[in-house]
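Heads up: the structure comes next, in structure tokens.
Computed from the coordinates by the stated procedures, all read-outs in this text should not be read as laboratory data. In this text the structure is predicted, and so the values were computed from the model without any measurement. Here the Cβ positions follow ideal geometry from the backbone for every residue, glycine too, while neighbour counts run over all protein chains shown.
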Amino acid sequence: MAGANNDIAVLQSSNLLDDVIDGVALDTSFYANDVKYKYGYYLTDDIYPEWATFVKSLSCPDDEKRMYCKKKQEASRKYIERAFGMLKKKWSIIAQPSRILEKSKMRNVMYTCIILHNMKLEDSGRAFCGESYDESNQSTNSLLTYAEKEVIQARIRDRDAHHNLRADLTEHLWFYREQG
């Protein structure tokens with residue numbers, strides 16, 4: 001139905017976080033402001049829910065520290081949007097509607113495009129990190145119980161964790177701004 005595929009409807013039917021919930025995702029834990037976070041995160045805008053895996057931009061920053069964090073997040077989001085724009089131009093497959101593809105096939109197409117983009121950056125010497133991808137870091141626990149999966153899903157959707165992460169990222173960015 002026209003208009004039914006908004007961001008939230010797509011998120012609800014997406015398998016974006018399935019690997020994390022199923023316990024088979026790569027370890028994406030990291031530290032921000034000396035606090036360890038188990039799951040990676042996505043930079044999002046205001047339409048997305050306040051989940052621990054989404055970092056929404058501060059809507060009304062009230063001091064220099066939060067304004068700096070908002071500026072850095074917006075710059076990162078613009079970079080990602082430009083990268084996907086380049087992918088759409090270069091490999092037009094992601095510029096077309098994908099409703100006919102199965103989720104797993106569309107996911108593979110997106111991963112392939114991202115890998116090709118990263119290879120292009122490496123070849124041109126503009127890669128952020130020259131290190132190779134380490135598959136030995138992949139989790140092998142694919143036999144989680146339903147209850148364990150529910151616990152992980154609850155952690156991912158934790159609003160308090162979202163706010164704590166956003167605050168810790170703000171402090172982390174500000175600390176390294178002051179250091180450098």
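Points to keep in mind about this one:
- Length released on extending from Leu121 to Lys88, taking residue separation times 0.36 nm less the Cα-Cα span: 10.3 nm
- Amide hydrogen neighbours beyond the local backbone of Lys56, cut-off 5 Å, H modeled: Thr44
- Once the chain from Met110 to Leu26 is taken as fully extended at 0.36 nm per residue, the excess over their C-alpha distance is 28.5 nm.
- Net lengthening on full extension, Phe175/Leu16 (0.36 nm per residue, minus Cα-Cα): 54.1 nm
- Where labels lie 7 Å past Cα in the beta-carbon direction, separation of Lys103 and Arg159 in nm: 2.5 nm
- The packing ranking of peptides 40-48, 143-151, highest mean first, is 40-48, 143-151, where packing means the average number of other beta carbon atoms within 10 angstrom of each residue.
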